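Reading through the structure tokens given below for one structure.
The values are calculated or read from the model by the stated rules, or taken from the named source; none is laboratory data. The shown structure was predicted, so the numbers you read here are calculated from the model rather than taken from an experiment. As a convention, Cβ positions derive from the backbone with ideal geometry for all residues, glycine included, and neighbour counts pool all protein chains shown. Accessible surface is based on the protein model in full, side chains and every heavy atom, while ligands, DNA and RNA are left aside. Shrake-Rupley method; radii C 1.70, N 1.55, O 1.52, S 1.80 Å.
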Amino acid sequence: MSIEHSTASDALPSTSAVADTGSHSVSQEGRRQFLKTSATVGAAGVATSFLNRSVHAAGSDILKVGLVGCGGRGNGAAKDAMSADPGCRLTAIAEVFYNRLEEGKKQLSKTLGPQYEVSDDQCFSGWNAVEKILETDIDVILLATPPGFRPMHIEAAINAGKHVFCEKPVAVDPVGVRRVMAACEKAKEKGLSVVSGLCWRYDLGVKATMEQIQNGAIGEIVSIQENYLTSTLWSRTPNPDWTPMHRQVLNWLYYSWLSGDHIVEQFIHSLDKAMWLHNDEPPVKCYGTGGRQVRTAPEFGDIYDHFSIVYEWANGTRCYAATRQMSECFNETEDYVYGTEGTAKVLANKITGKVNWKYEGEKPSMYYLEHVALMNAIRRNEPINNGDYMCKSTLMAIMGREAAYSGQVIKWDDAMKSDLKLGPDNVTDWGDAPNPEVRMPGRYKFIDA
């Protein structure tokens, strides 16, 4: 892959763009009502919700959207945002690599049709791309870059007064999580909406299943089993001209300072559902194992290829969480919830036991629905803020990673206060990159406060 116009001369600190919250507890009754209401909203109801939308931004009915990161997830988010609201227009794009920016422009102009209104002077590349896009008159920004850059991007977007859609996870270390928490509190003060890419929270079948569980369909929850056993993901063959920073940024999945390791970058979807099942109350501690058994070559950076973590809550329930990225193996992604009177399979939307139930309702795309929620909130001037759970679930994943890396018990309170920071404060050029050192349990030490 060629690298065009992506040199150190493009660089400014703190605003990298590369393709790819509050802390209150929600009451049981309030959560049940939320789930009940959400699960009864079908695709038709969602679509008609815009008919009475208010006029936005100085008499205009148009919501101007900016995209950060022209990878598959970023382009997908732009398409979903436009589908969610016919009054949306994509008006600005930021991407650190010039050639990827050009590719993204071509693809998006075809995909979005008349909702694509990006002029050449609204396209930005280089390390200061986010800084530039935030100076435009966009109303909403879609953040789809490697997670290592997300805290600075969320913070900058909220400081600039933009509504935010941010992909998961929101950080790779506790320092970053706290930075996002603070930014999401500021978003509340400013009346800005923040919607997370933890998309299962918006899936109608999953919501309905959660409602059944929390209404007592399986009795009291005893334990949870989270499986995310999957194959390997993409990688890009290094070009001889690439610098160490090029190699790492273009293969960001395999470097913990950029991805958080796959327990954070991918498995967070499953861990988020375990948190959700506990009314967004975090576990008190975790312990477990992990390692690097198959992906051992240098091109796979410093991440593990498997984790097995046990999370414990104050009420005595446990979540047994296993994730693996290996080819030619048994695969399964499912959430098993075991209760005193039955069992639930959350992704299958099915309950057996005292109650036998299966969701049979509509199943519009959850990626679409999360953008419907965001645009509805903006149109109605009723901000929503996913900051609480997106930060807690990110930290839950981080503490599991640190338990495996260190071989120690990691407590929630220690993780929350930890001074651990994985990446550099600023990325300013395309030269050196952090040294990828694989953590060895028993030798590596978790950094607490």
Original post:
Tally Lys/Arg at +1 and Asp/Glu at -1 over every other residue whose Cβ is under 10 Å from the Cβ of K358; what's the total?
Top reply: +1
Original post:
Which listed residue (P364, N385, I410) has the Cα farthest towards the positive end of the charge dipole for the range 348-449, taking +1 on Lys and Arg C-beta and -1 on Asp and Glu C-beta about the Cα centre?
Top reply: P364
Subject >> Distance in nm between pseudo-label sites at T333 and E135 (7 Å out along the Cβ direction from Cα) >> reply: 3.9 nm
Original post:
For V372, what charge total do you get from the other residues with a beta carbon under 10 Å from its beta carbon, if Lys and Arg give +1 and Asp and Glu give -1?
Top reply: -3
**OP:** If a/c stays under 1.5 just call it rounded; otherwise compare a/b with b/c (prolate if a/b is bigger, oblate if not). Do that for the range 353-418, with a ≥ b ≥ c from the square roots of the Cα gyration tensor eigenvalues.
**Re:** oblate
**OP:** Check the straight Cα-Cα distances from K105 and name the lysines below 18 Å, setting aside those fewer than 8 residues away within the same chain.
**Re:** K64, K79, K132
Original post:
Taking Cα centroids, how far is the range 276-353 from the range 360-400 in Å?
Top reply: 21 Å
Subject >> Contour minus Cα-Cα distance for N215 and K188 (0.36 nm per residue) >> reply: 6.7 nm
Subject >> Overall Cα dimensions of the range 192-254, principal axis frame, Å, largest first >> reply: 59, 36, 18
Original post:
Where a ≥ b ≥ c are the square roots of the eigenvalues of the C-alpha gyration tensor, would you call the range 320-449 rounded, which needs a/c under 1.5, or, failing that, prolate if a/b is larger than b/c, or oblate?
Top reply: oblate
**OP:** Compute the length gained on full extension between D121 and R236: take 0.36 nm times their separation in residues and subtract their Cα-Cα distance, giving the result in nm to one decimal.
**Re:** 38.4 nm
Original post:
Taking the Cα-to-Cβ direction at Q293 and at Q408 and moving 7 Å from each Cα, how far apart do the two end points lie in nm?
Top reply: 2.6 nm
Original post:
How far is it, in nm, from the label point at T340 to the one at K363 when both lie 7 Å from their Cα along the line to the Cβ?
Top reply: 3.3 nm
Original post:
Among A77, H246, A322, whose Cα lies farthest out toward the positive end of the dipole of the chain, if unit charges sit on the beta carbon of Lys, Arg (+1) and Asp, Glu (-1)?
Top reply: A322
Subject >> Accessible area per residue in Å² at 1.4 Å probe, computed on the range 358-449 >> reply: 46 Å²
Original post:
What do you reckon, how do K132, K273 stack up by accessible area (1.4 Å probe), largest on top?
Top reply: K132, K273
Subject >> Relative intensity, log₁₀ I(q)/I(0), of the range 241-376 from a Debye sum that treats every alpha carbon as a point, q = 0.13, 0.16 Å⁻¹ >> reply: -0.78, -1.06
**OP:** Treat every Asp and Glu Cβ in the chain as -1 and every Lys and Arg Cβ as +1, leave all other atoms uncharged, and give the resulting dipole magnitude about the Cα centre to the nearest 20 debye.
**Re:** 860 debye
**OP:** Beyond 20 Å between alpha-carbons counts as too far, so tell me which of K162/K421; K273/K350; K345/K411; K392/K445; K186/K273; K110/K162 fall in that bin.
**Re:** K162/K421; K345/K411; K392/K445; K186/K273; K110/K162
Original post:
Which chymotrypsin sites (Phe, Trp or Tyr not before Pro) from the range 150-245 combine a DSSP loop assignment with at most 12 other Cβ atoms within 10 Å?
Top reply: W234
Subject >> Neighbour cut-off at most 12 other Cβ (10 Å), DSSP loop, GluC sites (Glu not before Pro), the range 357-449 >> reply: E360, E437
Original post:
Measuring from the lowest to the highest alpha carbon on each principal axis, how far does the range 66-105 reach, largest first, in angstroms?
Top reply: 29, 17, 13
**OP:** Please give the contour-minus-distance gain from Q107 to T243: 0.36 nm per residue of separation, less the Cα-Cα distance, rounded to one decimal in nm.
**Re:** 46.2 nm
**OP:** Specify, per residue and in Å³, the volume enclosed by the convex hull of the alpha carbon atoms belonging to the chain.
**Re:** 138 Å³
Subject >> For the range 155-280: rounded, prolate or oblate by the Cα gyration tensor [a/c cutoff 1.5] >> reply: oblate
**OP:** List the relative contact order of the range 55-200 as a percent without decimals, with contacts defined as Cα pairs under 8 Å and 6+ residues apart.
**Re:** 21 percent
Subject >> Separation of alpha-carbon centers, the range 122-164 and the range 186-225, rounded to whole Å >> reply: 27 Å
Original post:
At a probe radius of 1.4 Å, what is the per-residue accessible area of T340, in Å² to the nearest 10?
Top reply: 90 Å²
Subject >> the chain: antiparallel DSSP beta bridges as a percent of all, rounded to 5 >> reply: 55 percent
**OP:** Taking the Cα centre of the range 108-218 as origin, work out the dipole magnitude from +1 charges on Lys and Arg Cβ and -1 charges on Asp and Glu Cβ, in debye rounded to 20.
**Re:** 420 debye
